[in-house]
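Accompanying notes for the structure given below.
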Amino acid sequence: MTAHAEIRRIVVLVNALSGSVGPRAVADVERILADYPCEAEVVALEGGRFDEQMDAALASNPDVLFVLAGDGTARAAASKAGPKGPLIAPLPGGTMNMLPKALYGTADWKLALRNALENGAPQFVSGGVVEGEAFYCAAILGAPALWAPAREAIRTGKFSKAWTHAQRALKRAFTGRLRYALDGGKPGKTEALVLISPMISRALDEPVGLEAAAMDPHDTSQAFRLAATALFSDWRSDPSVTTRPARKIDVRARSKIPAVIDGEPMQLPIETRILFMPKAFRALAPLPPAAEDSV
């Protein structure tokens, strides 16, 4: 068991129908937990009762709440716990697994579970909030976000649906620019805005704000590259991207703003404000090497 935290009781929420979890997940979790000296409760999430079961798990005051479910469920648990709640350990059980991969560096939930139990330490995770929705990795606002549904349809083999989403993305790619202001400063215009949390930002050493990356493709071929970069790779390496930290971001557009919030597509109002949360929740995860050396 980890030497960085006192863990006497844990609760694990499992959605067997989510992403890469599988029908044997509850039994697999119980088998793994039997190797560790702590009281454990494994809860199989039931359709329509997620919120109720999550609230009950938090109310039972565990030292750690593990969540083996989709990306949205993991974000909901972290948001409900907040900075004063129990430690949260979101295991990779969803589709994109942005938050679990950032914390544990793997898409293997069994490996992540053991790593958290054996090497995990309490650490604050910062993030952002937009329209009441928290995010802890990244938010993509604007045209590149329209490619997310096409990517997901391709991943699941729904090629006709993917083509429909791709056509929609092409039609909207240059129909309107975003107007934005960082921390009340001089307004700017951009095709897309990406907001990156300090946890995964390579440009921020301290949680001083969200890394705001403005993207401005100049032609269709560059837009294709930029969309792929924003969704799959490191957007900061693109020559049409400029970045700076911000704690308050105001965004306006002529129509609803397509967005991807920690991998979840959504539509934002034509006027939207995003705020930085320096201490959003406490995670149980291995410390980065530099932080580990200072412990």
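The values are calculated or read from the model by the stated rules, or taken from the named source; none is laboratory data. Since this is a predicted model, take the numbers as computed values, not measurements. Every residue, glycine as well, gets a Cβ built from its backbone with ideal geometry; the counts of neighbours run over all protein chains shown.
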The residue from Gly48, Gly94 that alone is modelled with pLDDT under 95, in a loop (DSSP other than H, G, I, E, B) and surrounded by 24 or more Cβ atoms within 10 Å (Cβ to Cβ) is Gly94
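Quick grid of which residues meet (1) modelled with pLDDT of 65 or more; (2) part of a helix (DSSP H, G or I):
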site: Gly128; (1), (2): yes, no
site: Ala134; (1), (2): yes, no
site: Ile140; (1), (2): yes, no
site: Pro144; (1), (2): yes, yes
site: Ala148; (1), (2): no, yes
site: Ile154; (1), (2): no, yes
site: Gly157; (1), (2): no, no
Residue within the range 46-59 that is free of Cβ contacts under 8 Å to residues at least 40 places away in the same chain and under 19 Å from His4 (Cα atoms) present: no
All-but-one check, Ser255 against (1) at pLDDT below 85; (2) on the phi < 0 side of the Ramachandran plot; (3) touching a Gly at 6+ places or on another chain (Cβ under 9 Å), failing number (1)
Reported set for the range 54-75 where residues are among the small types (Gly, Ala, Ser), out of contact with any Pro (no Cβ under 6 Å at 6 or more places or on another chain) and closer than 23 Å to Asp28 by Cβ is Ala56, Ala57, Ser60, Ala69, Gly70, Gly72
Counted residues in the range 17-45 being surrounded by fewer than 17 Cβ atoms within 10 Å (Cβ to Cβ), within 21 Å of the chain's Cα centre (by Cα) and without any contact (Cβ under 8 Å) to a residue 40 or more places away in the chain come to 1
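Here is a yes/no grid of residues against (1) β-branched (Val, Ile, Thr); (2) at pLDDT 95 or above:
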{"site": "Ala3", "(1), (2)": "no, no"}
{"site": "Arg9", "(1), (2)": "no, yes"}
{"site": "Ser18", "(1), (2)": "no, no"}
{"site": "Glu30", "(1), (2)": "no, yes"}
{"site": "Val43", "(1), (2)": "yes, yes"}
{"site": "Ala57", "(1), (2)": "no, yes"}
When (1) in contact (Cβ under 8 Å) with a residue 40 or more places away in the chain; (2) of a type in the set (Val, Ile, Thr); (3) closer than 19 Å to Leu284 by Cβ are applied to Val130, the one that fails is (3)
(request) Could you tell me whether any residue of the range 78-86 is touching a Pro at 6+ places or on another chain (Cβ under 7 Å) and either surrounded by 17 or more Cβ atoms within 10 Å (Cβ to Cβ) or under 18 Å from Ala283 (Cα atoms) (or both)? (result) yes
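Give me a count of the residues in the range 60-78 that are in contact (Cβ under 8 Å) with a residue 60 or more places away in the chain and of a type in the set (A, V, I, L, M, F, W, C). Before you say what the answer is, go through the steps one by one.
Here is the first cut: in the range 60-78, the residues in contact (Cβ under 8 Å) with a residue 60 or more places away in the chain are 64, 71-73, 75, 77-78.
Keeping just the survivors that are of a type in the set (A, V, I, L, M, F, W, C) gives 64, 77-78.
Of the residues in the range 60-78, 3 are in contact (Cβ under 8 Å) with a residue 60 or more places away in the chain and of a type in the set (A, V, I, L, M, F, W, C).
Results for (1) closer than 23 Å to Lys279 by Cβ; (2) of a type outside the set (Ser, Thr, Tyr); (3) not in a loop (DSSP other than H, G, I, E, B), shown as yes or no for each residue.
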{"position": "Glu30", "(1), (2), (3)": "no, yes, yes"}
{"position": "Val42", "(1), (2), (3)": "no, yes, yes"}
{"position": "Glu52", "(1), (2), (3)": "no, yes, yes"}
{"position": "Val67", "(1), (2), (3)": "yes, yes, yes"}
{"position": "Ser79", "(1), (2), (3)": "yes, no, yes"}
